[in-house]
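The values are calculated or read from the model by the stated rules, or taken from the named source; none is laboratory data. Quick caveat: nothing in here was measured; it's all calculated off a predicted structure. Methodologically, a virtual Cβ is constructed for each residue, glycine included, from the backbone with ideal geometry; neighbour enumeration extends over all protein chains shown. Side chains are part of the model used for accessible areas, which takes the heavy atoms of the whole protein and leaves out ligands, DNA and RNA. Shrake-Rupley method; radii C 1.70, N 1.55, O 1.52, S 1.80 Å.
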Amino acid sequence: MAELGKATQQELKAIASTFQVYGDFVSGCPYGSGHINDTYQLTYSVGGAPMHYLLQRINHHVFTQPANVQQNILRVTRHIAGKLRAQGVTDISRRTLTLILTHDGEPVHHDTEGNWWRMYVFVEGAKTYDQIQSTAQAELVGEAFADFQNMVADLTEPRLHETIPNFHNTVKRYETLTAAIEKDAFNRAKDVKDEIEFVTARANTFGRLLERCAKGEIPERITHNDTKLNNVMLDDATGKGICVIDLDTVMPGLALYDFGDMCRTSTANAAEDEQDLSKVFSRMDMFEAIAKGYCRGAKFLTQGEKEELAFSAQLITMTIGIRFLTDYLQGDTYFHIKRPGHNVDRCRTQLKMVKSMEEQAETMEAIIQKALAEA
Ligand code: ADP
Ligand code: GN1
Ligand code: MG
């Protein structure tokens, strides 16, 4: 997979000029800590006052049909904006992502080099966090993602594009890992023997949610599918989760994967790439807060879903661990890395989180029961 190089100021200015933006281009700088797309904050001068935009190059190695991604996002964001408007919300462009169209009226610009660019209104006065700060924040994060699921629940017809098929299919992810171990193209399997053993020992649990889904005990819904903590913007003034972002993977999926992924990142005591594993564990005070916020908002949960909430956190954390491990074995082509071995560090934190959740499984189940009872 070819690396997408960083864009120069001149390139950013030229790309941005294809969108319906006003004012004079001042500068653009790389922004945020996402692992997939290339994100830039652009500053414009409008009558002397600074104005920001968010420009992104969609990772077309990961999202091979960027036009489909953009069709989904346009639909999702317009749907949410319509609902907010009906509720009398006034600051809609802070409460949902808002795409800025090109001069041709398109939601994406396909440049001569084959890159795909999109532009968003910059959400001001709010931030994303890579690590959770407080239980109050965890509760608001749970609530924000539940609200998001409520807002998109009726976006069923026509079916949204599956932007990455089998995205959270742990069985398939494990098959890909097994193939990568067998191929061992970079002679790296020797570095990760313990991790491979840890994953393999748990392979009999990977199909659990898929099997219950096939039996009709767990429904398919429209879900976000990437509910990591830094994909929700929290208001600087109130701390509330005001805008769920990173909508590339909004598509049919399981609500449980969304719940699991918010627990993976928001209950972690340390950064996703922490090298000192003694610092890495799942915090039950955060889990309780997230569960409280989520269950209060997710009134739609069926019995089957309720039974698997605690397990979903383990499963999705394992799945992401498998994906980091696979990417390491395949030569680090999927997730952006900042240092050699970055994906191994990330894999190790995920597996340590799984272990921590396994050790606290009974506590997690009791917390879920309480959160559901009080919701
Ligand atoms: P990736 O898919 O690479 O994770 P994201 O869409 O999550 O990319 O964007 C990366 C980061 O950029 C986010 O974590 C957030 O901090 C920031 N960001 C994204 N969209 C906006 C926006 N419209 N306004 C302000 N910040 C944004
Ligand atoms: C990626 O795009 P970002 O950084 O929010 C990845 C998620 C992983 C996550 C791990 C499209 O999320 O699936 O859980 O990294 N997104 C995609 O941190 O693969
Ligand atoms: Mg992101």
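Residue pairs whose Cβ atoms lie under 6 Å apart, separated by 6 or more positions or on different chains, with the first residue in segment 42-54 and farther than 24 Å from M233 by Cα and the second in a strand (DSSP E or B), are S45/D24; S45/V26. Being of a type outside the set (D, E), farther than 19 Å from V141 by Cβ and in contact (Cβ under 8 Å) with a residue 40 or more places away in the chain is a property that does not hold for G293. Kindly evaluate Y257 against the criterion of being over 15 Å from the mean Cα position of the chain (by Cα) and either in a helix (DSSP H, G or I) or not small (G, A, S) (or both). So Y257 does not fit the description; no.
The residues listed here are L99, L84, L54; of these, the one that is within 16 Å of ligand 2 (Cβ to nearest atom) and over 18 Å from N225 (Cβ atoms) is L54. Number of residues in segment 194-249 that are touching a residue at least 60 places away in the same chain (Cβ under 8 Å), more than 16 Å from ligand 3 (Cβ to nearest atom) and of a type in the set (G, A, S): the value is 2.
Please work out if T333 is polar (S, T, N, Q), closer than 23 Å to H60 by Cα and in a loop (DSSP other than H, G, I, E, B). So that I can check it myself, show each step before the final result.
On the way: polar (S, T, N, Q): yes; closer than 23 Å to H60 by Cα: yes; in a loop (DSSP other than H, G, I, E, B): yes.
Yes, satisfied.
Restricting the search to strands (runs of 3 or more DSSP E) fully inside segment 1-104 and requiring at least 3 residues that are open to solvent by 30 Å² or more (accessible area, probe 1.4 Å) and more than 16 Å from ligand 1 (Cβ to nearest atom) gives 24-30.
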